[in-house]
């Protein structure tokens, strides 16, 4: 990371509209040559948040710097470390996290160096626009935060780890609507974990096949009825968000605790896993050729 | 388990109705719940934040078919979801004495952003397979968090602003334009910004409902020109963000992009099935081959939607009449 120029970042987070990214994202930024922020970009900010501790940039910046240090030369390993820690640092509701402007702000004003470090293509030499402003499974920070949000088991971030085992399969899982049913997400992660533990060859192709098969099955089967989830305690999340006013910065060598808003029903996951295993066994395996990946090492 | 095999389903659609809505324990005015539009506007002007909306639901299922059909363990499930927040919650309805299915589902404010979708799934065990979807509500209900009028179809949003002093900084760069179209500003809906200081008097003409024949002509032709710009911008935005399957098949996007593509593709690439047209336009755009040629078709399709020819014909005739009637 030492070759990347320094970033002069603001103190508090804010919202930056998508149009501002289209207008101000330059080739120099995407290539990591210069992170100078023109005043027009600062003026394009829709709103800066109130000065609450949870919107302070400092802790996010510390995390990102540590990730770039720790995982120098093996950047894809940074995701699994950063995802739960970013989630526990940026404490917010799903409604807040669904606002793309927050992620734009992080990528353009707080840590463009991280976006480039993590996603600069080996051939193209630049980080794609979608890593600065894009879908929740592509944008450099949104993908980390949402992966922790969608795969954690209440306050337990451990299931997030197997999710990140196969870089080229994460998008195919994350953009499925069926994983919005928590036991479905948990069951898929359990299978990914098994593939990883057994060291199955071409595992990411298996995972892609699994995503497709489960998604197709979900069009005629209602997983919510087959495997009912326990309700989510939204108030517990609000308490967790409020606690950020005096919570210490997240630990680096053990996992932080997430919002204690209710664990996924284990029985539900146990019902789905054998079903999904069967789907996986019946799914056709497509071995894909590698594209110019902008997310592997 | 073989999910792809066909299995029997309820031939008729089921009806889902939102009977009433309470927001933090207080009833939402009935004027904000539209049965014909199947839309609920949850925003109440003058009332600040709220945390929880409870939707009271009633569903009518075809009793005879439920009773006689080859299914058992029938469950009537309300499903509330929103793509942008990745939220999906469900609630079971129970059969009441009057034969309808009733229940409630909660919408937590902090888990939704703009528009939540409520649908109904009838689920049962069929041929030994539990959890089969055997029926569903025809059109889902929409729950708008930022609207105070229940309207299903969201038209293009029109915003008037003095670009020279606009609070949106990026607009100032267009201070000499009469209007601009923004398709990414709000991912839910395209916005046309009308510049109140671009062409003096134009906005007044556009907003007017009466005036001289000349004024009407100007209003009509300008409106359809703005519409043409908007259609072209929407089409380009919609095709440039196509998601792909892992075998490279482009996926039809959701939101406003879907109807735009469905309406325009038959004119842009005539004579093809929708999926083929989508694949072709995507190939064309990403490879660049034939993309320049397609621009003509895109203009044609946009012109058709914005009724340019019709409006101009009317304009020419009006001008002609005016001239002839002059002494």
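The values are calculated or read from the model by the stated rules, or taken from the named source; none is laboratory data. Only a predicted model underlies this, so the values are computations on that prediction, with no experimental measurement involved. Glycine gets a Cβ as well: all are built from the backbone with ideal geometry, and neighbour counts include every protein chain shown.
The table below gives the values:
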| item | result |
| --- | --- |
| Residue A:180, sole failed condition from (1) buried (at least 24 other Cβ atoms within 10 Å of the Cβ); (2) within 30 Å of residue B:120 (Cα to Cα) | (1) |
| Some residue of the stretch B:121-137 being surrounded by fewer than 18 Cβ atoms within 10 Å (Cβ to Cβ), over 30 Å from residue A:44 (Cβ atoms) and more than 11 Å from chain A (Cβ to nearest Cβ) | yes |
| Number of positions in the stretch A:161-186 that are assigned to a helix (DSSP H, G or I), under 21 Å from residue A:202 (Cα atoms) and away from chain B (no Cβ under 12 Å) | 5 |
| Failed item, numbered, when residue A:104 is tested on (1) touching a strand residue (DSSP E or B) at 6+ places or on another chain (Cβ under 9 Å); (2) closer than 21 Å to residue A:176 by Cβ; (3) surrounded by 18 or more Cβ atoms within 10 Å (Cβ to Cβ) | (2) |
| Residue match in the stretch B:145-156 (condition: touching a residue at least 12 places away in the same chain (Cβ under 8 Å) and within 14 Å of chain A (Cβ to nearest Cβ)) | yes |
| Qualifying residue in the stretch B:245-267 (condition: part of a helix (DSSP H, G or I), in contact with a helix residue (DSSP H, G or I) (Cβ under 6 Å, 6 or more places away or on another chain), under 26 Å from residue A:211 (Cα atoms) and at pLDDT below 90) | yes |
| Strands (runs of 3 or more DSSP E) contained entirely in the stretch B:37-86, each with at least 3 residues that are in the same structural domain as residue B:106 (by TED's automatic domain parsing) and surrounded by fewer than 17 Cβ atoms within 10 Å (Cβ to Cβ) | B:52-60 |
| When residues of the stretch B:271-281 are limited to those that are touching a helix residue (DSSP H, G or I) at 6+ places or on another chain (Cβ under 8 Å) and surrounded by fewer than 18 Cβ atoms within 10 Å (Cβ to Cβ), the one farthest from residue B:223 (Cα to Cα) | B:272 |
| Residue within the stretch B:216-224 that is within 12 Å of chain A (Cβ to nearest Cβ), touching a residue at least 40 places away in the same chain (Cβ under 8 Å) and assigned to a helix (DSSP H, G or I) present | no |
| Selection count, the stretch A:236-257, where residues are in a helix (DSSP H, G or I), under 19 Å from the mean Cα position of the chain (by Cα) and more than 15 Å from residue A:153 (Cβ to Cβ) | 1 |
| The stretch A:39-58 - residue that is in contact (Cβ under 8 Å) with a residue 12 or more places away in the chain and more than 27 Å from residue A:243 (Cβ to Cβ) and, of those, nearest to the other protein chains (Cβ to nearest Cβ) | A:44 |
| Filtered residues of the stretch B:148-167 (kept if buried (at least 18 other Cβ atoms within 10 Å of the Cβ), in a loop (DSSP other than H, G, I, E, B) and assigned by TED's automatic domain parsing to the domain that holds residue B:259) | B:166 |
| Matching residues, the stretch B:184-201, being more than 10 Å from chain A (Cβ to nearest Cβ), assigned to a loop (DSSP other than H, G, I, E, B) and touching a helix residue (DSSP H, G or I) at 6+ places or on another chain (Cβ under 8 Å) | B:190, B:196, B:197, B:198 |
| Residues satisfying the stated conditions in the stretch B:173-183, i.e. in a helix (DSSP H, G or I) and facing chain A (nearest Cβ under 9 Å) | B:173 |
| Condition broken by residue B:204, with the remaining ones in (1) in a helix (DSSP H, G or I); (2) within 14 Å of chain A (Cβ to nearest Cβ) satisfied | (2) |
| Residue check for residue A:140: crowded, with 24+ Cβ neighbours inside 10 Å, more than 14 Å from chain B (Cβ to nearest Cβ) and not in a helix (DSSP H, G or I) | yes |
| Near pairs, Cβ below 8 angstrom, 6+ apart or cross-chain, from the stretch A:231-245 (away from every other protein chain (no Cβ under 12 Å)) to any residue that is part of a helix (DSSP H, G or I) | A:244/A:53; A:244/A:54; A:245/A:53; A:245/A:54 |
| Failed item, numbered, when residue B:30 is tested on (1) more than 22 Å from the chain's Cα centre (by Cα); (2) touching a residue at least 12 places away in the same chain (Cβ under 8 Å) | (2) |
| Condition broken by residue B:100, with the remaining ones in (1) more than 22 Å from residue A:238 (Cα to Cα); (2) more than 11 Å from every other protein chain (Cβ to nearest Cβ); (3) touching a residue at least 60 places away in the same chain (Cβ under 8 Å) satisfied | (3) |
| Those residues of the stretch A:214-228 which are more than 8 Å from every other protein chain (Cβ to nearest Cβ) and surrounded by 20 or more Cβ atoms within 10 Å (Cβ to Cβ), in sequence order | A:214, A:227 |
| Unique match (being within 24 Å of the chain's Cα centre (by Cα) and modelled with pLDDT under 95) among A:211, A:219 | A:211 |
| Matching residues, the stretch B:301-327, being surrounded by 15 or more Cβ atoms within 10 Å (Cβ to Cβ) and closer than 23 Å to residue B:230 by Cβ | B:301, B:302, B:303, B:304, B:305, B:306, B:307, B:308, B:311, B:312, B:314, B:315 |
| Single unsatisfied condition, residue A:278 versus (1) in contact with a helix residue (DSSP H, G or I) (Cβ under 9 Å, 6 or more places away or on another chain); (2) farther than 24 Å from residue A:80 by Cα | (1) |
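Every residue, every condition in (1) in contact with a strand residue (DSSP E or B) (Cβ under 6 Å, 6 or more places away or on another chain); (2) modelled with pLDDT of 95 or more; (3) farther than 28 Å from residue B:119 by Cβ, yes or no:
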| position | (1), (2), (3) |
| --- | --- |
| A:174 | no, no, no |
| A:185 | no, yes, no |
| A:232 | no, no, no |
| A:240 | no, yes, yes |
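Residues checked against (1) closer than 29 Å to residue B:115 by Cβ; (2) surrounded by fewer than 15 Cβ atoms within 10 Å (Cβ to Cβ):
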position: B:173; (1), (2): no, yes
position: B:180; (1), (2): yes, no
position: B:184; (1), (2): yes, no
position: B:207; (1), (2): yes, yes
position: B:210; (1), (2): no, yes
position: B:219; (1), (2): no, no
position: B:227; (1), (2): yes, no
position: B:234; (1), (2): yes, no
position: B:244; (1), (2): yes, yes
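Residue-by-condition table, conditions (1) within 14 Å of chain B (Cβ to nearest Cβ); (2) free of Cβ contacts under 8 Å to residues at least 12 places away in the same chain; (3) assigned to a helix (DSSP H, G or I); (4) closer than 22 Å to residue B:182 by Cα:
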position	(1), (2), (3), (4)
A:5	no, no, no, no
A:10	no, no, no, no
A:22	yes, no, yes, yes
A:28	no, yes, yes, no
A:34	no, no, no, no
A:37	yes, no, no, no
A:62	no, no, yes, no
A:76	no, no, yes, no
A:80	no, no, yes, no
